[in-house]
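**Student:** Submitted below is the structure of interest, expressed as structure tokens.
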Amino acid sequence: MSDKKNVETTDMAVTSGYAALANTDALGEAAEDLAGLQLTFDRIKIPAGGSTAFEIPGDNDETELVKDVKGVILLHHPAYAFYREKYQGGSNPPDCGSFNGIQGTGDPGGLCASCPYNQFGSGEGQAKACKNRRMIYILMENELFPMVLSLPTGSLKEFTKYVKRQLSKGRKLSQVVTKVSLKKATSASGIAYSQAAFTFERVLSADERAAVSQMVEQVKAYAANLTIASLAGDGDTPFVDAETGEVIEPLK
């Protein structure tokens, strides 16, 4: 009787939580359905004006408001975007962009560190003309694909602090569940904006880590093929720069 109970417990452990990914062929089925189609991940939107609720896609193209997002951060990388002309609407890609924060592609291109548009004061006020954001791929429980959170400049310091805390404890972000929430903040110029906050929830089990690792590799392969056209916004969600109030093109 005890042996049967142990088997049942083991089966439950690997068919719940993120470990369930290892026991499904949904990835293969999805590949068949997506053959010939260009896959893009849904976005988690941070609203302007200091709102403390995220906007995420729901069923039937409906938008849901959620107070926090919990999931595993599979990957994160820089997403720099420079527009020569001030954003006027639409979904045009930037003139120059970078997904590693080192080398820019486009006009002017070149090394990001020495680019005059990547220096404080090159934009309005003391801001950079090149908007330094970070793309974070978050896999929520019971989901097959991650969602992308395009983290704006005003939240980068909080994210950096969180990454440092996890690394100091020997934890990789892809091995823990993270909760992301929003808090209202005010810039030095008195502009209210929504700032992301990150909280550690728990460490993944060994089965969950093994299952998630295959997703990490797939997202890395996806990110490796991004072009600056991927930095174009959808035209319906303008982003307000936290420091200047300038409306710029949002990142996908």
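**Student:** Considering only the stretch 137-178, state which residues are touching a Lys or Arg at 6+ places or on another chain (Cβ under 8 Å), of a type in the set (A, V, I, L, M, F, W, C) and more than 23 Å from GLY49 (Cα to Cα).
**Tutor:** Those that are touching a Lys or Arg at 6+ places or on another chain (Cβ under 8 Å), of a type in the set (A, V, I, L, M, F, W, C) and more than 23 Å from GLY49 (Cα to Cα): MET140, VAL176, VAL177.
**Student:** For the stretch 175-190: of the residues being buried (at least 17 other Cβ atoms within 10 Å of the Cβ) and under 19 Å from SER150 (Cβ atoms), which is nearest to the chain's Cα centre (by Cα)? Full working, then the answer.
**Tutor:** To start, the set of residues in the stretch 175-190 that are buried (at least 17 other Cβ atoms within 10 Å of the Cβ) comprises 175-178, 180-182, 185, 187.
Narrowing the set further to residues that are under 19 Å from SER150 (Cβ atoms) leaves 178, 180-182, 185, 187.
Working: THR178: 12, VAL180: 11, SER181: 13, LEU182: 14, ALA185: 20, SER187: 22 Å.
It comes out as VAL180.
**Student:** Still on this model: Of the conditions (1) under 23 Å from VAL66 (Cβ atoms); (2) in contact (Cβ under 8 Å) with a residue 60 or more places away in the chain; (3) not polar (S, T, N, Q), PHE200 clears all except one; give me its number.
**Tutor:** Checking PHE200 against (1) under 23 Å from VAL66 (Cβ atoms); (2) in contact (Cβ under 8 Å) with a residue 60 or more places away in the chain; (3) not polar (S, T, N, Q), the one that fails is (2).
None of the figures in this text is laboratory data; all of them are computed from the coordinates on show. None of the values given here were measured: they were computed from a predicted structure. Because the Cβ atoms are built from the backbone with ideal geometry, glycine has one as well, and the counts that use them run over all protein chains shown.
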